[in-house]
Amino acid sequence: MLEVFKDAITLMISAGKRMIDSALNQAEVLLKVRNLLLEVKRRNKKVHTIGMGRSGLAGKFFAELLKLRRIKASTIGDTLAKPVDSGDVVFAFSGSGWTTTTTLYSELCLRRGAILIALTATKGSKLDRLADYTIYLLGKPVLAATDYIARKIAGRYKTPLAPMGSIPEFSALLVSAGIAAMIDSNEPLDAFRRTLEVILDVADRSMRYILARENILLEFILHYEDARKNGAACYFYGIGLLNYISEMISMRFQHLGLNVNSILDWILRRREDILTVISGSGEASIPRILVEEGRRTGMKVLSVVGNENSTIARLSDVFLVLEDIEERKRYFELGREEPEQFIPAFEIASFILFEAIVAELARRFGITEEEMKVLHANIE
C-alpha cells in the first residue's frame, strides 16, 4: 500500500543529497554568487528573478528568502516589479534552459547592464550560454533501482514521481535556501551544506512520522480521489513562502486532471469542495479564517501543519504533521528575533510531501506522464 508514495519520498530525499554534492562541486560559482549578493546589499542595488510556471515560483521563493536577508528583491513580470538597472543581479530559473519567455527576459536584462545568473539543469542550453554564471541543477532522474524496474515491468504503476521538472524545481528550492544561508555566514560553504542537510533531515523524519500513521495519510489521499470522481473543486492555500509552495502544488494537481481553483475564486466554493491549507504554526490568521469559513460552508478541510495541537489541525477533517525547527518558530515571533537564520525546512518538506501524493494519485488514476503533459500550460 502507498508504495509509489514511498518510492517518491525515497527518490526526492536521495536527489536532495545528490544536489548537495553537485552544488559543492560548483563551490567557486557559489562563492562568486554570494559575493555578488553581498555587493548588491552594500551598494543598495537590486536582485530580480525570472522564470515561468513552477520554475518561476521557485524564483519567487528565492526572492522572499533574500528579503529576509535585507536584500532588495523583485520578480520580473509581477505587478510591483522594480526596474532593472545596471549593476543589478538577475537570477533566471528554467530546468530546460530553453523557456522562451525566460531567455527573452534574460536578454533584455543583459542589455540593461545586469549580471545574469542561471539556475538550470541543462548545460549548453540557451539560458546557460547567456548567463554570466550558471548553477547546474539536477535533471530528471534515471531510475536504476531494480525493485522499481521490476514493479514497472509488472505493471503495478506507471510513474514513480510527478513528471515535468519536479527534480530540477526541487533542486532550485534547495539551492535557493543554501545560497540565502551563505550570505551572512563567515563559513559560507559550510552554511550551504548545513542548511540543506537540516532541510533533508527534517523532511526525512517528517515522512517517517507520516508513514508510521499510514491510515491517516491514506484517508488524506482518498479525499482527492473522491474529488476527482465527484468533480469537486480543490483549493490550496499557504501564506508567505508557503504561498509559492501551495501554488506549485496546485499546478501539479491540475496536471492530474483535478478541478483546481485559485484561492481568488473562493467566492465560487461549494459544499464538498476541498480546501487544503499548509501552515507551520497552524495558527496563522488568514489560513485559519479560510478553514473556519470552509467548515461553515460544508467544505472538506485538509491541512498540513507543524503543530498537531493547533486550531487549524483541530478544525480539519484530516491533517498531517510535519516536523518544525526552532529557527522557524522564532521567525514568527515578530520583533524578537532577526530572521537571518531562518531555514525553510517546513516549506520544502511540504513540497516533497505533495509531490509524493501526486505520484501516488497518478498511479491510482492510471495517468501516464504523457497524459499529464497534455494538461500542462503550453503558452508562456
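The values are calculated or read from the model by the stated rules, or taken from the named source; none is laboratory data. Computed from a predicted model, the values in this text were never measured in an experiment. Backbone-built Cβ (ideal geometry, glycine too); neighbour counts: all protein chains shown.
Data overview
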{"item": "Pair list, Cβ under 9 Å, 6 or more apart: region 122-151 residue over 30 Å from Thr103 (Cβ atoms) and at pLDDT 95 or above, other residue assigned to a helix (DSSP H, G or I) and of a type outside the set (Gly, Ala, Ser)", "result": "none"}
{"item": "Selected residue (only one of Ala233, Ala172 is surrounded by 17 or more Cβ atoms within 10 Å (Cβ to Cβ), outside the structural domain of Arg363 (by TED's automatic domain parsing) and modelled with pLDDT of 95 or more)", "result": "Ala172"}
{"item": "Helices (runs of 4 or more DSSP H) completely within region 299-380 that count 2 or more residues being surrounded by 17 or more Cβ atoms within 10 Å (Cβ to Cβ), at pLDDT 85 or above and assigned by TED's automatic domain parsing to the domain that holds Val260", "result": "311-315, 345-365"}
{"item": "Hits in region 68-89 (condition: of a type outside the set (Val, Ile, Thr) and farther than 19 Å from Arg34 by Cα)", "result": "Gly77, Asp78, Leu80, Ala81, Lys82, Pro83, Asp85"}
{"item": "Condition check for Arg295: over 22 Å from the mean Cα position of the chain (by Cα), at pLDDT 95 or above and either of a type in the set (D, E, K, R) or assigned by TED's automatic domain parsing to the domain that holds Thr195 (or both)", "result": "yes"}
{"item": "Check on Phe192, aromatic (Phe, Trp, Tyr), crowded, with 17+ Cβ neighbours inside 10 Å and assigned by TED's automatic domain parsing to the domain that holds Lys60", "result": "yes"}
{"item": "Residue within region 181-203 that is under 23 Å from the mean Cα position of the chain (by Cα), modelled with pLDDT of 95 or more and not in a helix (DSSP H, G or I) present", "result": "yes"}
{"item": "Among residues of region 88-133, those that are closer than 13 Å to His48 by Cβ, of a type outside the set (D, E, K, R) and assigned to a loop (DSSP other than H, G, I, E, B), counted", "result": "2"}
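Yes or no, residue by residue, for (1) more than 21 Å from Val305 (Cβ to Cβ); (2) outside the structural domain of Asp317 (by TED's automatic domain parsing):
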| position | (1), (2) |
| --- | --- |
| Glu187 | yes, yes |
| Tyr209 | no, no |
| Asn215 | no, no |
| Asp226 | yes, no |
| Leu242 | no, no |
| Arg252 | no, no |
